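Working notes, structure below.
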Amino acid sequence: MTDLVGTRVSLVGTLGPGGSHLHVSLSDKDGRTVGGHLMSATVFTTCEVVLCDIPALTFDRVFDEETGFDELRVVASASAGSGGPGGDA
């Protein structure tokens, strides 16, 4: 898929101090879709990005002996209950 004019893009993943882990899917005007890990990208015209900060949670990666990979770990933050989403106002 080299011509991305009219492409629909979905990008989901995590961003953090340990780096990023992003999954992308691209669909052309005929609905053909490919996907995988986003390693790098250049945006030439328009890019709409929505980022969500969830103060009640901390996302990081920890090495897992069983899989041999840095796996996502989600834990309650120390700031949980400080008025963020789902916290005490």
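The values are calculated or read from the model by the stated rules, or taken from the named source; none is laboratory data. On a predicted model such as this, the values are computed, not experimentally measured, just so you know. All Cβ positions, even for glycine, are placed from backbone atoms using ideal geometry, and neighbour counts span all protein chains on display.
In segment 51-89, how many residues are assigned to a loop (DSSP other than H, G, I, E, B) and either modelled with pLDDT under 85 or β-branched (V, I, T) (or both)?
17
Can you name the residue in segment 12-48 that is among the aliphatic types (A, V, I, L, M) and either assigned by TED's automatic domain parsing to the domain that holds R73 or surrounded by 10 or more Cβ atoms within 10 Å (Cβ to Cβ) (or both) and, of all such residues, is farthest from F69 (Cα to Cα)?
L26
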